[in-house]
Every structure is written in structure tokens, then in C-alpha cells.
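The values are calculated or read from the model by the stated rules, or taken from the named source; none is laboratory data. Since this is a predicted model, take the numbers as computed values, not measurements. All Cβ positions, even for glycine, are placed from backbone atoms using ideal geometry, and neighbour counts span all protein chains on display.
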Amino acid sequence: MTRRYPDRPLIGVGGIVLAPTLDRVLLIRRAAPPAQGLWSIPGGLVQTGEPLDQACQREVQEETGLVVTVPRSQVARLAERIIPDTTGAVEYHYLIVDFWTIDSTGAEPAAASDASDVVWVAPQELHQRPTTHGLSGAIQRALCLARGEVPTTPLLETIVGV
């Protein structure tokens, strides 16, 4: 299955990594299409047989070098991305599960894999950067969840087998 012009939606994950003080969020600059050059959260496609939370951990590590724990109950958002080409044909179609976590490593991130740059940014400064659609809202929801301001009812249950 190819990413461009897929015959069905592809499943992806994103990692909203917050600083322990909740005053910064980790962003990467996308190095490849779609949204090349825009700031977003680390993420990518899920591999067959890979649980979503583990896929998120892998993607965060591949793109930033940070090793984080992503509890599967920490879903901040489910996002569907349908991106048509100039003729209206569906060029990309993703279902993305965005998890949130708090970085407890204290390690400095470094851009790698599909990221051309990585930075910690104050949430109130997100508007100063060109970001992927809906990023600010997802980060605000993650911050509310981290502060206990909204219910943490799991939005996702992983079932393996029958």
C-alpha cells in the first residue's frame, strides 16, 4: 500500500509531548509530504501488528531521539485527514490517533527520520509558526487532560485477537 493515492485510509499516530511543567510542547518540522515544512507533533504510520501506543513511542523516538512512555489511555484526539490533489482525487487519507504524554527524560531532542527540525515551544506561541491543521486545538485538549480539566475517559481500546 502506498501513502499517495491509497485504496483505503492509512492508520497513523501522533505524540503530543509536554514538558513536566506543562509550559512547553515538543514540535517537529515535517521533512516530507504531506505538510512538508509545517510544524507538527512527531508521528507516522502504524506497522502491522504494532499496538498504537507503541507505534507512537517508536515515532517519537525515531523523529526526536526522546524515549517516552505513552499510556494507551492518553488519547487526546482522533483526526481524519483527507487531502485531495488539484484534480480532486484523494492523494492522502489518514486516520490519526494523537496520544499525549509528559516528557520525564530531561534529554535534549534532536531532529531525525522524517523531521528536519525539533523545538520546545510555549503553547501560546504556536500561532507564530506555520503548523498543520488543527494542531493548536489538539495541544490545548492535551493540556486540559494533563491538568485534569476534562474527563480522561479512554477514547480508544486496543483489542488483540477475537
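Structural remarks
- Exclusive hit being outside any strand (DSSP E or B), under 19 Å from G134 (Cβ atoms), at pLDDT 95 or above and out of contact with any Asp or Glu (no Cβ under 7 Å at 6 or more places or on another chain), set G12, G37: G37
- Selection from the stretch 45-72 of residues that are touching a helix residue (DSSP H, G or I) at 6+ places or on another chain (Cβ under 9 Å) and surrounded by 20 or more Cβ atoms within 10 Å (Cβ to Cβ): V46, L66, V68, V70
- Residue, modelled with the lowest pLDDT, within the stretch 40-80, restricted to residues that are within 20 Å of L126 (Cβ to Cβ) and among the small types (G, A, S): A79
- Number of residues in the stretch 11-49 that are under 14 Å from D103 (Cβ atoms) and touching a Cys at 6+ places or on another chain (Cβ under 9 Å): the value is 2.
- Taking the stretch 19-59 as the range and being among the hydroxyl-bearing types (S, T, Y) and either over 22 Å from G106 (Cβ atoms) or in contact with a Phe, Trp or Tyr (Cβ under 6 Å, 6 or more places away or on another chain) (or both) as the test, the residues that pass are S40, T48.
- Filtered by the rule that a residue be aliphatic (A, V, I, L, M) and either modelled with pLDDT of 95 or more or touching an Asp or Glu at 6+ places or on another chain (Cβ under 6 Å) (or both), the stretch 83-96 gives I83, L95.
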